[in-house]
Structure formats: C-alpha cells, structure tokens
Ligand SMILES: [Zn+2]
C-alpha cells in the first residue's frame with residue numbers, strides 16, 4: 001500500500017479542529033487563556049488536565065497520560081488504531 005503523503009498529513013493536522021473533535025466526543029471545554037481545558041477522556045480524570053491549544057491545534061494531557069500531540073495522535077489514542085488507519089478516518 002502506498003504511503004500517506006506528507007502533504008496530506010500536514011493538511012489533516014491543520015484543517016481538522018482538535019477542539020471540535022473533543023467537543024464531538026462529549027468533552028466540555030473551558031477557555032483558559034490561549035488554551036481550552038477539559039477532562040481527559042483517556043484516563044479517569046477528576047480535574048481538567050486535558051489542554052488543547054487551538055492556535056497550534058495540539059493537545060496535551062497533564063495528568064496520568066503525560067502525552068499529547070496532533071489530531072492524528074488523538075484519534076489513534078481514542079480509538080486504539082494505527083497511524084495509517086487514523087489518517088483514513090472519515091472525520092479526519
Ligand atoms: Zn489523560
């Protein structure tokens with residue numbers, strides 16, 4: 001199978017809003033300075049440790065996960081799928 005072109009990956013990372021992805025997953029986000037914060041869906045979160053930066057379209061979990069990344073990393077983690085599979089998701 002052909003490799004996913006770098007340009008396509010770049011497009012996904014820029015054009016798909018992480019904030020929208022999170023909100024469509026039912027996560028309530030609150031503005032916090034330049035970021036929006038909410039409960040991390042990837043661990044049992046009691047205080048909002050999920051930070052999304054709309055400007056860079058990157059997310060980070062400051063809690064148990066200690067991880068983060070782009071929309072592709074989000075979908076990979078949310079659905080437990082591979083990078084290749086994530087780039088082919090219809091919502092991306
Ligand atoms: Zn987390």
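FYI, it's all coordinate maths here, none of it is from the lab. Keep in mind that what you see is a predicted model, and the values were worked out from it rather than measured. Reconstructed Cβ throughout: ideal geometry from the backbone, glycine too, with neighbour counts over all protein chains shown.
Calculated on the Cα set of the chain, radius of gyration then Dmax: 13.1, 43 Å. Fewest-first ordering of 70, 17, 82 by other beta carbons within 10 Å of each residue's beta carbon gives 82, 17, 70. The relative contact order of the chain, computed from alpha carbon pairs under 8 Å that lie at least 6 residues apart in sequence, is 22 percent.
The range 53-77 and the range 1-51 have Cα centres spaced 6 Å apart. Of 81, 52, 72, the residue with the greatest mean-square motion in the GNM of the chain, using alpha carbon springs below 10 Å, is 81.
Working note: 222 nm ellipticity from helices only, DSSP H runs with n ≥ 4, each -39,500 (n - 2.57), summed and divided by the residues of the chain, gives -8500 deg cm²/dmol to the nearest 500.
Could you tell me how many degrees, from 0 to 90 and to the nearest 10, lie between the Cα long axis of helix 6-15 and the main elongation axis, the longest principal axis, of the Cα atoms of the chain? It is inclined by approximately 30 degrees. Using the Cβ-Cβ distance between residue 43 and residue 7 with R0 set to 30 Å, the FRET efficiency from 1/(1 + (r/R0)^6) comes to roughly 0.35.
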